[in-house]
Amino acid sequence: MRSKFDTLKYIGCLVLIVLAILIADPRSLWDTIAGVDLYLISFVIILYVLNLVAKSYRWKVLMSDNGSCIKPPFRTVFANFSFSQAVNNVTPGRVLGEATRIYGASSRLGVKAGVGTALVVTEKIMDLVMATSITIFGMAILAPVLLGNIRNELGGIIIIAVILNLILIAILAKPKYLVIIGNHIHKLFTRIFPRKKDVSVNSSPLKFLNTFADSMAASDKAKRRTLLGASVLTTLIWSNEILRIFLIIVALGAPSNIAAALVVTGVSALSAVFLVAGSNHILISSAVLSAIGISSGVATSVGIIAALTSIWLSVPIGLLAYFIDDRINKVSFNKEASKRAYSTTGKGDD
């Protein structure tokens, strides 16, 4: 059932992309993209790679004081993060990539699954708060010049995002409630299925929840320093995202508009859960930029180039990073095995 839903979601997003392109007129769209400033677009690509590095470093910072018993090289952290981003960007719901990252952090970086989940939630809350904030700020500036009904539609997205923010912040502030709910569900399960009764608080699901809650509730100085460092990186990451959209608008010859870049960046991020494979960038850019008087061809082109230089680019980068790290780790493992074998053989010969 789930796979059928995901397939329908992909088909729906593909149809939306095709409709956006048809509305913009394919010929006009091609002429607009053909005339883009390649130097600026090259810089946009460099900025995206730098943002992947910054996000990976933020992931490393969050793990530093939260249960990691291994000090991995940065290439391994980068491979873990960039591969999960690639999976996230091409799958509905942006959940499978996070599961991949948590599993990779557990198997390769020594972080417990409950701790890894808590760190991902913390990171997502930071991003969600930032995306909502820049959207509200951009809308406050842009609202007076928006044409049509787009103002009401964007307002609805912002209200949903604020509600989601409050829910996630409540989880962050009071993670113990998750443990209480988990305990009640566990007791109910053991009553319904007495043969599978396991009243131990150390059963896998409850152990996971306790580890998650403990990590979220930690408030020592080291934790606060870690969160402060991650918050600074989050600000830099989102500044980079806004700059990328702004430069794409300029590269296509449209009037520079930082408020539009703020709204497009924020709303595209907030809608990424529902719209996959770059359709969020294309649809939001088309809607917002057209609503401030920019031609539909340019508005749609901004979204297509934004997707090309981020979401679609993340897949080869993630696969390549994972492949290189895997190869280096295998070579290192074989060298260590050879050294141990040689050392054992040498002692035997003596």
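Computed from backbone phi with θ = phi - 60° and the Karplus coefficients 6.51, -1.76 and 1.60, the 3J(HN,Hα) list for the stretch 289-306 is 5, 5, 6, 10, x, 7, 4, 4, x, 5, 4, 5, 4, 4, x, 5, 5, 4 Hz; x is used for glycine and proline. Phi angles across the stretch 309-321 convert, under the Karplus curve 6.51 cos²θ - 1.76 cosθ + 1.60 with θ = phi - 60°, into 3J(HN,Hα) values of 8, 9, 4, 6, 6, 5, 5, x, 5, x, 5, 5, 4 Hz, Gly and Pro given as x. With K and R counted +1 and D and E -1, the other residues having a Cβ less than 14 Å from that of residue 258 yield a net charge of 0.
Phi-derived couplings, Karplus 6.51 cos²θ - 1.76 cosθ + 1.60 at θ = phi - 60°, listed residue by residue for the stretch 52-57: 4, 5, 5, 5, 5, 5 Hz, with x used for Gly and Pro.
Counted by neighbouring Cβ atoms within 10 Å, the residues 290, 256, 314 run from fewest to most as 256, 290, 314. Of 312, 238, the sequence from fewest to most neighbouring Cβ atoms within 10 angstrom is 312, 238.
We did not get these values from a lab; they are worked out from the coordinates using the rules stated. Bear in mind that the values here come from a model prediction, so they are computed numbers and not experimental data. Cβ: placed from backbone, ideal geometry, glycine included. Neighbour counts: every protein chain shown.
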